[in-house]
Amino acid sequence: MNLVVTLLGNEIPTMVVIFIIVGIVQILINRILADLGVYNYVWHPGLFRTALFVALFAATSLLIYK
């Protein structure tokens, strides 16, 4: 697999693209979970959001780089 993405003539590492995509997905998941009231039952919402982002980023990276 090519580890570099060319965007407008600039070479960008694939990890940066994955990071941005997962960040957008994280924002959407955060809004859904907030609307459902999940954060009322979580001990530390900031830690939960960070852990969710890390898990999504790691899973996506492992799928692509495997």
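The listed residues are F19, F48, and the only one of them that is of a type in the set (F, W, Y) and within 16 Å of A59 (Cα to Cα) turns out to be F19.
The residues on offer are I29, I64, I24, I18, and the sole one that is modelled with pLDDT of 95 or more, surrounded by 13 or more Cβ atoms within 10 Å (Cβ to Cβ) and assigned to a helix (DSSP H, G or I) is I29.
The values are calculated or read from the model by the stated rules, or taken from the named source; none is laboratory data. In this text the structure is predicted, and so the values were computed from the model without any measurement. Glycine also receives a Cβ, built like all others from the backbone with ideal geometry; neighbour counts cover every protein chain displayed.
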